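A short write-up of the structure that comes next.
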Amino acid sequence: MTNQLAMSTAPHSRRLPNLKVLAESALLIVLIYAVMAVVYVSVQPSALSPYAIEALLNNSLPLMLAAAGATFVILQGGFDLSVAGIISLVNVVIAVMPVDGPLGALANLGVALSIGIAVGAVNGFLVAGLRIQAIAATLATMIVCQGAALLILGAPGGYVPDFMVYDLTGSVFGVPVALVIILAVIALWSLYRRTDAGRNLLAVGQDRKAAGLSGINVERTEFFSFVWAGAFYALAAYMLAAQTSTGSPSAGEPFLLLSFAAVALGGTAFGGGRGGVTASLFGAATLTLMQKVLFALGVSSFYTGVIQGLIMILAVLFAAAVRYAVRSRRVA
Amino acid sequence: MTSKSKTGSAILAAFVGTTMLAGAMTPADAKTADGKWLIYLSLSYSGNSWQSEAANIVKALAKTAPYNETVELVEVISGTDPQAQISDYESMIAAGADGVVSFPISSTALNRVVRRGCQEGTLFFMYDATVTEQCAYNVSYITSGFGENSAQALVNELGGKGKIFLSRGVPGNSVDERHTNGAMHIFNQYPGIEIAAEYYSYWDDRTTQQETAKALAAHPDVDGIWAQAGEYGAIQALLQANPDRLVPMTGENSNGFRLALANPDYQAKGLAGVSAGSPPAQSGFAFKLMMEILEGKREPLAEGERNIQYPLPWVPADAVKLCEGDAFENGCNAFPEDKVPSSFVTEVFNPELLPELSLASALDGQPTEGATIQALPADAVQKAPDAPGINCRQCEAPEDIYALTKIEPTVQP
Amino acid sequence: MTGPHPAAELSDTAAKDTRTAQKVSSTTVAVLAIYGLVAVLILASRAVSPSLGGLSQIETVFYLSAFLVFCAFGQGLVILVRGLDLSIASMITLGAILSTTLMGGSNDGLLYLVPAILLVCAMVGVVSGIGITFFAIPPFIMTMAVGIIVYSLCLGVTGGTPRGFPSPMLREFMQDRFVGIPSPVWLLGLFVILGTVLQGYSSLGRKLTAVGNNPAAAHVAGLSARRLTILAYAISAACAGFTGILLAAYSNGATLRMGDAYLLPSIAAVVVGGSSILGGRGSFLGTVGGALLLTTLSTILSALGIGQGWKTITEGLVILAALILLRDEVFTALQTRFRRTA
């Protein structure tokens, strides 16, 4: 399914008709990513080998997808902690499904997406329907999902179909499957943001009241932002299962803070109204690449955290400085 | 290079793996440019005494002659995210590591990258925690029966009946599951034993203290506590609830717990039990074993034979003996209160396997003055039994997996 | 999710002149409802174990929730000014490590060391605040990065094994009783009174609320939104440091990850207590209620004889049920019905 999408939209994105939009939302973080990639490659030339690139993409993909999901909710002004719970739950469900082969992988995908969408819908109902604060409602669903994951699989293990483990993390015609998925998500987002639903998402985030007055169904927009998020978390868990070839009831925990950090690094504003999925994808990729850069630079022991923290702050400052420079030039 | 070979037959894969490894492993020419072995010490997170002591031991050994001349040791801390450790392993393999001695974050998620590393000629030695990938060496006490032996010790102390707490480790963790299954195998034989509360303490003193305090609110009349690491916190919670009453309990190897077991005041209040569990010394054993194999002094083991058992430390209350010096000498096994923090894990020493170490090694990673690396005894390697999901994937646990090794039942069910 | 301006939203449904009164009373009712819920939980816990539901359980709940309340107060102030403090876990660790290494198991210098440690922590908070206000770094990134840096420094300096012991006097304080009640519970009571006055009834509290409601308007009104925001982060860091000092005394030593268990609960206590995550609305008494609710729940759960999976699910569902019951809409509906029948 994702392959088809990518096929039909890949030429579209190669012509780059939306360069201006991209410049406003994602270009800065792409630039930061590029700078780090240059540093990395210059220290570690072997990083350019096809295997190294494929491995890096596979390693980055789950966090990228999780951050993409979180972006939908954050854009409308919400907050979704359930990412940790949904990823754990979907991850263990895949690991206990007794299926095999490409069809088994497809069945797994179907089950994964159903769970993600279902939990997302519950979140949406709690927040949009019952008007519970998003951060509190999704905290509760996160805990429930973690409990359910523990019930399904008491300790890491289970079985993931070989097709997922090898083919979904490999390459097709020399192109890593992970890259195809990333491009498909970018394409999907650049289409979505042009639809009414996409525009509404940003409008609600900018000014909830004005959006409501102008006839946008605010509740509906909120609700579906959680559903989209749930679907993406499920996809992240699916690819995580493929990469690690097992399930773990605590698989989602590392994603909780990292996915939000990725979104923030991408420049999407907490509180809503500004940013986009593409930027978050690169925000996540930057965090994963940072791990590589730190290793290559040899600062990988006790004080790693100091460098890590400083890079995060500097990346945001850099983006702010560029934005400031562009703005002041416009004024001049 | 992507391995597309779908493991049709486990035996075939293991065979191919072994031959590939044997082909890639030519010890003499696999060194760094300056002629040293490139060894990575890969940690999950260095956040508690246990983790840092285990790391310090390896660092101290690498600074001890002759390794100080022949080994380049690089320490990498990956945090708690398996994805980060996968990324770091990839980087180590790409950097041409000769060996990786590591505390693996996940028993299963790292398998693919470990398998790839083996194919590239990197030796993987896991300590304490394990991976189920058969090409890696696991050096661990996990299979040595901590759960069932300590449970039997508690049952003996309680005379076969009473209300107990289980202070467990981390939810969803295979080590915690193995220990608890072993313990429950014993407890279930005694109808008089009632599990009044079961809680997760994350192998941490402070969490154990708080969780035990919560359980005590519901069951102030508890008769005994079976604890994993963090056990010293349980003693503190008991004293907090009632300064005059302690109960028999078993736990791991913290210095605070050992001193408490030997404390006559505490014994008078009711404390009795055994200190056993995970020894940080495993890391040192794993490192020395790896170096001997790398240097060709010891034959590599065949795949499927690489699970190595580290003996279970076992110190009942009457066997606690204070050390006067800075090492385990003359059978001592605990340190005076002013020398180390109470959370310090005492089992950093092993006079037979690791005679090179002293307190400065465990606390600061410093080599012991004048010490040189001693060869491991020829019979140092003891094969661990299969434990599905812990050190192997498609395998069966032996039938006597929970057989008692350290203690005899003194009460019949 | 409540809108950015809850007051403005309310004005759609309520007549303008009764707006303030209605809002105040519904906040009060919400706070009372949390404490009611805590009481119900404690009474219901008798069904779980006969020893529960008594004074000793209440004492345990107060004692253990004290740590959470101390750091949740700072978190609450930061959330009040539209922020979020993710550095709390590391600041707890910093406070604990500083106290054990500096005090080294003696009482000398206790009087100046505690304020000094709090000051160091507050300075770290000031750094976070400056990054957020003057450099417009999102609070999420800034506090997370500062947290990572502080943790990494603690790790590097201690080499992974924090040494030393807390001062014996602090340790005794954590174990002592005064008039039959553990001294930390007295401290909790004092802290709650001071915190409530500071957040709800002092000019500083009103200013912080104003900044959270509308930073631009607050600026026009002559308030330095930046200075106040920085102050909130400084207080939060100092509160976390304070929690760390007490935790080290409670467990007789510091560990590097001792703060981790407080990050999410500190946020949860604040939002369950009725504060808006979007700033400008919240009461400390509500946060205290939230902390008590979470602690009571976990006390009961640990006594339940069911598997961890079911325990976790139950915990999530009870929190969810509390959230559904504690909604503004419920109180408004009740109020309307009450008025009609009266």
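The values are calculated or read from the model by the stated rules, or taken from the named source; none is laboratory data. Only a predicted model underlies this, so the values are computations on that prediction, with no experimental measurement involved. Here the Cβ positions follow ideal geometry from the backbone for every residue, glycine too, while neighbour counts run over all protein chains shown.
Data overview
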quantity: Flag if C:Gly212 is in contact with a Lys or Arg (Cβ under 8 Å, 6 or more places away or on another chain) and within 13 Å of chain A (Cβ to nearest Cβ); calculated: yes
quantity: Yes/no for C:Thr299 being within 14 Å of chain A (Cβ to nearest Cβ) and of a type in the set (Ser, Thr, Tyr); calculated: no
quantity: Failed criterion for A:Ala237 (all others in (1) in contact with a Pro (Cβ under 9 Å, 6 or more places away or on another chain); (2) more than 10 Å from every other protein chain (Cβ to nearest Cβ); (3) surrounded by fewer than 23 Cβ atoms within 10 Å (Cβ to Cβ) hold); calculated: (3)
quantity: Flag if B:Ala151 is crowded, with 24+ Cβ neighbours inside 10 Å and away from chain C (no Cβ under 14 Å); calculated: yes
quantity: Only one of C:Thr243, C:Thr255 that is crowded, with 24+ Cβ neighbours inside 10 Å, modelled with pLDDT of 90 or more and under 30 Å from C:Val114 (Cβ atoms); calculated: C:Thr243
quantity: Residues being more than 26 Å from A:Tyr159 (Cβ to Cβ), in contact (Cβ under 8 Å) with a residue 60 or more places away in the chain and assigned to a loop (DSSP other than H, G, I, E, B) - total across region B:121-144; calculated: 2
quantity: Pick from region B:208-232, criterion at the interface with another protein chain (Cβ under 8 Å from one of its Cβ atoms) and touching a strand residue (DSSP E or B) at 6+ places or on another chain (Cβ under 8 Å), ranking: farthest from B:Phe146 (Cα to Cα); calculated: B:Ala218
quantity: Residue in region B:366-383 that is in contact with a strand residue (DSSP E or B) (Cβ under 9 Å, 6 or more places away or on another chain) and in a strand (DSSP E or B) present; calculated: yes
quantity: A:Ala149 being over 26 Å from A:Ile182 (Cβ atoms), modelled with pLDDT under 95 and buried (at least 24 other Cβ atoms within 10 Å of the Cβ); calculated: no
quantity: Residue that is within 13 Å of chain A (Cβ to nearest Cβ) and under 23 Å from C:Leu228 (Cβ atoms), where the choices are C:Val318, C:Val270; calculated: C:Val270
quantity: Residue under evaluation A:Ala261, criteria (1) assigned to a helix (DSSP H, G or I); (2) under 30 Å from B:Lys59 (Cα atoms), criterion not met; calculated: (2)
quantity: Looking only at region A:124-140, and only at residues there that are within 7 Å of another protein chain (Cβ to nearest Cβ) and surrounded by 24 or more Cβ atoms within 10 Å (Cβ to Cβ), the one that is farthest from C:Gly279 (Cα to Cα); calculated: A:Ala140
quantity: 1 or more residues in contact with a Pro (Cβ under 7 Å, 6 or more places away or on another chain): qualifying helices (runs of 4 or more DSSP H) within region C:159-217; calculated: C:168-175
quantity: Failed item, numbered, when A:Ile216 is tested on (1) in a loop (DSSP other than H, G, I, E, B); (2) more than 14 Å from chain B (Cβ to nearest Cβ); (3) buried (at least 23 other Cβ atoms within 10 Å of the Cβ); calculated: (3)
quantity: Tally, over region A:35-94, of residues that are assigned to a loop (DSSP other than H, G, I, E, B), in contact with a helix residue (DSSP H, G or I) (Cβ under 8 Å, 6 or more places away or on another chain) and free of Cβ contacts under 8 Å to residues at least 12 places away in the same chain; calculated: 0
quantity: Those residues of region C:143-155 which are within 7 Å of chain A (Cβ to nearest Cβ) and either hydrophobic (A, V, I, L, M, F, W, C) or touching a residue at least 12 places away in the same chain (Cβ under 8 Å) (or both), in sequence order; calculated: C:Met144, C:Ala145, C:Val146, C:Ile148, C:Ile149, C:Tyr151, C:Leu153, C:Leu155
quantity: Unique match (being among the aromatic types (Phe, Trp, Tyr), farther than 16 Å from C:Gly244 by Cα, within 11 Å of chain A (Cβ to nearest Cβ) and in a helix (DSSP H, G or I)) among C:Phe140, C:Phe135; calculated: C:Phe140
quantity: Enumerated helices (runs of 4 or more DSSP H) restricted to region B:145-219, each holding at least 3 residues that are within 27 Å of B:Pro385 (Cβ to Cβ) and either modelled with pLDDT of 95 or more or out of contact with any Gly (no Cβ under 7 Å at 6 or more places or on another chain) (or both); calculated: B:146-158, B:174-187
quantity: Residue selected from region C:251-267 under the condition at the interface with another protein chain (Cβ under 7 Å from one of its Cβ atoms) and of a type in the set (Gly, Ala, Ser), by the criterion nearest to C:Leu102 (Cα to Cα); calculated: C:Gly253
quantity: Residues satisfying the stated conditions in region A:305-332, i.e. at pLDDT below 80 and either surrounded by fewer than 19 Cβ atoms within 10 Å (Cβ to Cβ) or of a type in the set (Val, Ile, Thr) (or both); calculated: A:Ala320, A:Val322, A:Arg323, A:Tyr324, A:Ala325, A:Val326, A:Arg327, A:Ser328, A:Arg329, A:Arg330, A:Val331, A:Ala332
quantity: Test: residue in region A:273-290 that is in contact with a strand residue (DSSP E or B) (Cβ under 8 Å, 6 or more places away or on another chain) and not in a helix (DSSP H, G or I); calculated: no
quantity: Counted residues, region B:279-304 - those being crowded, with 24+ Cβ neighbours inside 10 Å and of a type in the set (Gly, Ala, Ser); calculated: 4
quantity: Number of positions in region B:78-97 that are more than 10 Å from every other protein chain (Cβ to nearest Cβ) and either on the phi > 0 side of the Ramachandran plot or surrounded by fewer than 23 Cβ atoms within 10 Å (Cβ to Cβ) (or both); calculated: 0
quantity: Selection within region A:258-309 - more than 19 Å from A:Gly205 (Cβ to Cβ), more than 10 Å from chain C (Cβ to nearest Cβ), within 20 Å of the chain's Cα centre (by Cα) and in contact (Cβ under 8 Å) with a residue 40 or more places away in the chain; calculated: A:Phe282, A:Ala284, A:Ala285, A:Thr286, A:Leu287, A:Thr288, A:Leu289, A:Met290, A:Lys292
quantity: Matching entry among A:Leu235, A:Leu191 (being assigned to a helix (DSSP H, G or I) and within 30 Å of A:Val160 (Cβ to Cβ)); calculated: A:Leu235
quantity: The lone exception for A:Gly154 - which of (1) at pLDDT below 95; (2) within 23 Å of the chain's Cα centre (by Cα); (3) within 8 Å of another protein chain (Cβ to nearest Cβ) it fails; calculated: (2)
quantity: Per-region count, region C:14-55, residues over 13 Å from C:Phe331 (Cβ atoms) and either outside any helix (DSSP H, G or I) or at pLDDT below 80 (or both); calculated: 14
